[in-house]
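The values are calculated or read from the model by the stated rules, or taken from the named source; none is laboratory data. From a predicted model like this one, the values you see are computed outputs, not experimental measurements. Here the Cβ positions follow ideal geometry from the backbone for every residue, glycine too, while neighbour counts run over all protein chains shown.
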Amino acid sequence: MSEKPIGWKGKKIKEMLEESNDLFNETQHYYGIDTLKFKEHDPFRYERAYASLRGALVSARETALHVAASPIVKEIGELCFALYTPEGDSIVVSTGILVHVHTMSEAIKFMIREDYEDDPGINPGDIFLNNDPDCGNVHTTDVQTIIPIFWEDELIGWAGGVTHEIDIGGITPGHVLMSSIQRFDDGVYYTCKKIGSNNRIWKDHMITAKKSVRTPMYWELDEKCRLAGDLMISDAVIEFIKIEGIDYYKQFIREAIEEGTRIFKKRVIERLIPGRYRAVSFIDQVGEWEAWQPKAKVNKIYNQPLEIISDENGKLNLSFDGASACGYNSVNCGVGALSGATWVLLTQILIYGDKVNDGAYFAVNNYFPKGSWANPGDPYLSYQNPWANLIPAYSCMMKCLSYGLFSRGYREEVFSGYGLTRDAIQGGGRYNAGPLEGQLWMLSTFEISGQGLGASAVRDGLNWGYAMWNPESDLGDVETWELFQGGVPYLARKVKPNNAGHGKYRGGSNYGGIAFVANSKDVEFFGIAEGLVFSGAGGMHGGYPQPTAYRLIAKNTNLKEIFENQQDYPLWDPDPANGEFERLLKGDIIRKPYAQMYPISLDNYDMFHWCMSGGPGYGDPLERDVKSVEQDLNDGIYTEEKVNYIYGVVAKFNKEKEEWIIDEKATQERRKEILNERKEKSMTFEEFWEKERNKIVENQLIKPVKRMYKESLELSDKWKKNFLEFWNLPEDFTVEVD
Amino acid sequence: MVKYDKKTLEMMIEGKLSWEELRLIISGRKDADRFEKILEILQERVSWPEKIILPLHEHLYIVLKENNRIVKCDCGFEFGNYNENWKTKCRVRVRDTFETIEELYLKDMGSDPTWQELREYLCPGCFTLLDVEAVPPGYPTTFNFLPDIDTFYEKWLGKQAPDK
């Protein structure tokens, strides 16, 4: 036990945390600060102070990833750092995977609430490691190193860094494990564990940690990377205090967070409209067909309804009331991860370019219903792939805020949503030939960081360049991915046609890839993506959702003979109905309309295809400028058949010029024809309501749909009331799953 | 204070600004008079006389008609009180078969209709596609946005709503 409290003015840090919470609840100001004294009296000093810390954080990140880091961390910056108050609230952040800034805040608060000050003690030079979703983390694969910062004998803050690992020693190789259904499948767990002292990581910890994962070298590199960054931040804070003084520092960090809250509320009032916003998204789970564990053999659709109330004071109130139940699969999501998601999207939509810290967190109320996927309350479930729920669910937030931005006139800030971070193909194997013979390799391609962004109200969505959890998304280089996944060399990566959500402004497009297994044995392969439902909240104002993923694998192929004979092999899968695999390969070609696949074994010369997501569209496709459609055809974004049917654009390929040319007259006629088709094939809302209601009352729903309704009706009285009222169903209405 | 002229905003609405021009607007400070200017531009563009209180959608507006706040399409079709979901006045096309979904998406790249259907909400006046919902069969129609108009005008803009 520490001899004397490490908090300020002789207090324990738990007392400081309680005091902070009480003052906020009482005054709605961070630490009860109602005036920004420093900012008002000497704004230049205040801004310089903030900028110097911000610079130190960015510098720490950029330097640390060059000190030591695994390929994922170094190539696309899968890391971030933040500086926290003694109570665990972020003051200033680096760039990078910012979704984790608030998750580390929760980890620090966990240590404070669990009296770490007494046992195991919090001392200068201590090092703590956390990757437990029950303490705020997203999933075990995101690993956090957190160190306390002291000035004399007082704790004056924490530095935290997080990196994403290539492998976490779970039930199978990989970083987002499909087959994990309980905590004990999730890989190695560190629950805010002390792993070092005197600024050195203990040897016994490093030995254990490296034996706990399949990529020990990368684990060690990333641990050193995080610690290096944390120590740089600690040094920068000490230097800051030497310049500005400890009294200035103590007041400044609290004012900076209070200012963060004020900036957020001001932005809401400046850019949105008060009122009620709603959107809904879904994800499919195909355990019944894929899981090997009996209790995981359930097919589900996850209901992800979001309501946001923007109140008159600029505060946002988010609620996932009505969300589906948690379960024995990997897609359960902890509260810390959801708070982090709220925070990271707000930094992109509303508070970019200003003081980004936990001030925004204090300006938002969240409701995550207990027992749902959005707050299971059960640490023994698996939290390995919370992203499957979190990412599409938060596209609802982007869409909701976009309704407000649109009405306020800021159309350039509108985004209809974004593509799911997929197609997460994973697995691993062992080299059985070549210079690395005998070594393990992991398939953890991180080109999943570059998905399609949804269209805005004034332009098309960004192609292959968005990840909701990292504002600096990047596909990375194939050559880097092949460093650690050399057992599956790429054969091709090409733009996938018809992969962008349709609309007046189309969503971002994306690539498909082809790889094969080489020089390896004991190869496991699995994949995660949506497949039977569209991911996310769909398009906006008449735009369509982006396409779904599917699974395509070829086993027992003749690829070796094809190589030897220098024949053509598949470079893409542009049309699943007329497959290139089927045309060019001999072997067992497996196509599945869903894309969540439990691990299978692959052998040398087996092949697979995967595809990154497009983004959703905005506006009626019939209003898309025909010249833009012509460009889409020439860029291979869409095919002639689809632009004719959806955009009403008639085009002919000019063989001499090798380009598509629009027939404008025929296009006008075709667009009129589509408007007439809409009249003929649509019905009144009353007819629709009757027909749709019959699907419920006449038992026309399949089991996963019924299960979704049953869970939402049982978990939420409010959602139940709305459902029954909308369909005019009796109060005792229930849904039974056969 | 940042301000944009009417022509620039008109070009932005029409999607005619170059990326270089648009990027400056996106990354710059916002113009505080945007709402009023956009309202003025939109009011000039519609063919009907009712005053627009709030733009709701690419084609829909909350307007003042005989002291009622109603939702109106730029084609002139009226959807009724803004407190009620305008989608319930739409014509609807449901794509709930593989055949109709694969008209839009390639095989295996659209939803399985037994898991999720597409609903296209069309304006009964001009048949513009106003919204697409991708939801499981039997899911209630979503009421996406109900603005608090009085709080917006009185508390956030510091003036009375046009009908007050």
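Below is a table of values for the structure above.
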{"item": "The one condition in (1) over 23 Å from B:Leu129 (Cα atoms); (2) surrounded by 15 or more Cβ atoms within 10 Å (Cβ to Cβ) that A:Ile674 fails to fulfil", "result": "(1)"}
{"item": "Residue among A:Lys9, A:Lys4 that is surrounded by fewer than 16 Cβ atoms within 10 Å (Cβ to Cβ) and closer than 15 Å to A:Glu87 by Cα", "result": "A:Lys9"}
{"item": "Options A:Leu306, A:Leu316; residue that is buried (at least 22 other Cβ atoms within 10 Å of the Cβ), more than 30 Å from A:Tyr550 (Cβ to Cβ) and within 14 Å of another protein chain (Cβ to nearest Cβ)", "result": "A:Leu316"}
{"item": "Residues (surrounded by fewer than 24 Cβ atoms within 10 Å (Cβ to Cβ) and not basic (Lys, Arg)) located in region A:609-632", "result": "A:Leu622, A:Glu623, A:Asp625, A:Val626, A:Ser628, A:Glu630, A:Gln631"}
{"item": "Output for region A:347-402, where each listed residue is charged (D, E, K, R) and in contact with a helix residue (DSSP H, G or I) (Cβ under 7 Å, 6 or more places away or on another chain)", "result": "A:Asp354, A:Lys355, A:Asp358"}
{"item": "Criterion: among the acidic types (Asp, Glu), at positive phi and surrounded by fewer than 23 Cβ atoms within 10 Å (Cβ to Cβ) - qualifying residue of A:Asp588, A:Asp522", "result": "A:Asp522"}
{"item": "Set A:Ala68, A:Ala64, A:Ala82: member being out of contact with any His (no Cβ under 7 Å at 6 or more places or on another chain), crowded, with 23+ Cβ neighbours inside 10 Å and at pLDDT below 95", "result": "A:Ala64"}
{"item": "Leading residue by the ranking (nearest to A:Gly543 (Cα to Cα)) among those in region B:28-57 that are crowded, with 16+ Cβ neighbours inside 10 Å, facing chain A (nearest Cβ under 8 Å) and in contact (Cβ under 8 Å) with a residue 24 or more places away in the chain", "result": "B:His57"}
{"item": "Sole exception among (1) free of Cβ contacts under 8 Å to residues at least 60 places away in the same chain; (2) in a loop (DSSP other than H, G, I, E, B); (3) farther than 23 Å from A:Ala537 by Cα for A:Glu482, by number", "result": "(2)"}
{"item": "Given (1) surrounded by fewer than 19 Cβ atoms within 10 Å (Cβ to Cβ); (2) touching a residue at least 12 places away in the same chain (Cβ under 8 Å), index of the condition B:Glu103 fails", "result": "(2)"}
{"item": "Failed item, numbered, when A:Gln285 is tested on (1) farther than 19 Å from A:Gln28 by Cβ; (2) of a type in the set (S, T, N, Q); (3) facing chain B (nearest Cβ under 10 Å)", "result": "(3)"}
{"item": "Flag for A:His502 being on the phi > 0 side of the Ramachandran plot and surrounded by 23 or more Cβ atoms within 10 Å (Cβ to Cβ)", "result": "no"}
{"item": "Options A:Gly487, A:Gly476, A:Gly438: the member that is without any contact (Cβ under 8 Å) to a residue 40 or more places away in the chain, more than 30 Å from A:Val629 (Cβ to Cβ) and among the small types (Gly, Ala, Ser)", "result": "A:Gly438"}
{"item": "Qualifying residue in region A:626-644 (condition: within 11 Å of chain B (Cβ to nearest Cβ), farther than 22 Å from B:Glu120 by Cα and at pLDDT 95 or above)", "result": "yes"}
{"item": "Qualifying residue in region A:704-715 (condition: in a loop (DSSP other than H, G, I, E, B) and under 25 Å from A:Tyr544 (Cβ atoms))", "result": "no"}
{"item": "Flag if A:Trp441 is in contact with a strand residue (DSSP E or B) (Cβ under 8 Å, 6 or more places away or on another chain) and over 30 Å from B:Leu56 (Cβ atoms)", "result": "yes"}
{"item": "Members of region B:67-101 that are within 11 Å of another protein chain (Cβ to nearest Cβ) and assigned to a strand (DSSP E or B)", "result": "B:Phe79, B:Arg91, B:Val92, B:Arg93, B:Val94, B:Arg95"}
{"item": "The listed residue being in contact (Cβ under 8 Å) with a residue 12 or more places away in the chain and more than 10 Å from chain A (Cβ to nearest Cβ), out of B:Leu64, B:Leu118", "result": "B:Leu64"}
{"item": "Helices (runs of 4 or more DSSP H) (entirely within region A:14-115) containing at least 2 residues that are closer than 30 Å to A:Leu221 by Cβ and aliphatic (A, V, I, L, M)", "result": "A:43-67, A:71-76, A:99-113"}
{"item": "Filter result (buried (at least 16 other Cβ atoms within 10 Å of the Cβ) and closer than 16 Å to A:Lys300 by Cβ) within region A:704-738", "result": "A:Pro704, A:Val705, A:Lys706, A:Arg707, A:Met708, A:Tyr709, A:Lys710, A:Glu711, A:Ser712, A:Leu713, A:Leu715, A:Val735"}
{"item": "Among (1) within 14 Å of another protein chain (Cβ to nearest Cβ); (2) touching a strand residue (DSSP E or B) at 6+ places or on another chain (Cβ under 9 Å); (3) in contact (Cβ under 8 Å) with a residue 60 or more places away in the chain, the one test that A:Tyr380 misses", "result": "(1)"}
{"item": "Single residue of A:Gly536, A:Gly542, A:Gly531 found to be under 23 Å from A:Ser180 (Cβ atoms) and either at the interface with another protein chain (Cβ under 9 Å from one of its Cβ atoms) or basic (Lys, Arg) (or both)", "result": "A:Gly531"}
{"item": "Residue selected from region B:140-162 under the condition buried (at least 16 other Cβ atoms within 10 Å of the Cβ) and more than 9 Å from chain A (Cβ to nearest Cβ), by the criterion farthest from A:Leu405 (Cα to Cα)", "result": "B:Ala161"}
{"item": "Helices (runs of 4 or more DSSP H) completely within region A:321-438 that count 2 or more residues being crowded, with 22+ Cβ neighbours inside 10 Å and of a type in the set (Asp, Glu)", "result": "none"}
{"item": "Which listed residue is of a type in the set (Gly, Ala, Ser) and either more than 18 Å from the chain's Cα centre (by Cα) or within 24 Å of A:Glu255 (Cα to Cα) (or both), from A:Gly174, A:Gly136, A:Gly121", "result": "A:Gly121"}
{"item": "Residue in region A:148-157 that is crowded, with 24+ Cβ neighbours inside 10 Å, touching a His at 6+ places or on another chain (Cβ under 9 Å) and at pLDDT 95 or above present", "result": "no"}
{"item": "Scan of region A:649-685 for residues that are within 11 Å of chain B (Cβ to nearest Cβ) and either at pLDDT below 95 or part of a loop (DSSP other than H, G, I, E, B) (or both), ordered by number", "result": "A:Ser682"}
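To keep it simple, each residue is scored yes or no on (1) without any contact (Cβ under 8 Å) to a residue 60 or more places away in the chain; (2) out of contact with any Lys or Arg (no Cβ under 7 Å at 6 or more places or on another chain); (3) not assigned by TED's automatic domain parsing to the domain that holds A:Phe150.
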residue	(1), (2), (3)
A:Arg54	yes, yes, no
A:Ala60	no, yes, no
A:Thr63	no, yes, no
A:Glu75	no, yes, no
A:Leu83	no, yes, no
A:Ser90	no, yes, no
A:Thr95	no, no, no
A:Asp118	no, yes, no
